[in-house]
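Read through the structure below, which is laid out as structure tokens, and then see the notes.
The values are calculated or read from the model by the stated rules, or taken from the named source; none is laboratory data. Everything numeric in this text was worked out from a predicted model, so none of it was measured. Positions of Cβ are backbone-derived with ideal geometry, glycine not excepted, and every protein chain shown enters the neighbour counts.
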Ligand SMILES: [Fe+2]
Ligand SMILES: [Fe+2]
């Protein structure tokens, strides 16, 4: 398993968002462990839970970005939408006949989802760093 993204560095330094990144990464790890075993029904539930957590995270980010009048919001929402579509592909992979050979690809897809979000979040962090008085958001 790769090094967790939240250990590499917090992309926003905004506690609520960074804790969600950590939670998302931990869910990928739990799913990876589960996909190695026979409990496929529980794995399907974990994928659904992962998607819900990701959507909640994206909504919180977008609310914060709206509050901050972040100029990159529209692009960021596009990336979030792309990531959710990617997770839908993963869900279909899992429920399809090809699931047995797709376990490693499922985990790789979910890790890529988080990596893509963290990458665009870095631009938001740069924006926050340039703002005066934004540190109150990071409590
Ligand atoms: Fe994020
Ligand atoms: Fe994001």
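Per-residue answers, yes or no, for (1) within 20 Å of residue 28 (Cβ to Cβ); (2) assigned to a loop (DSSP other than H, G, I, E, B); (3) in contact with a strand residue (DSSP E or B) (Cβ under 9 Å, 6 or more places away or on another chain); (4) within 12 Å of ligand 1 (Cβ to nearest atom):
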{"residue": "42", "(1), (2), (3), (4)": "yes, no, no, no"}
{"residue": "54", "(1), (2), (3), (4)": "yes, no, no, yes"}
{"residue": "71", "(1), (2), (3), (4)": "no, yes, no, no"}
{"residue": "78", "(1), (2), (3), (4)": "no, no, no, no"}
{"residue": "90", "(1), (2), (3), (4)": "yes, no, no, no"}
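For segment 3-41, which residues satisfy the criterion of being at pLDDT below 80 and surrounded by 14 or more Cβ atoms within 10 Å (Cβ to Cβ)? Matches in segment 3-41: 4, 5, 6, 10, 11, 12, 13, 14, 34, 35, 40.
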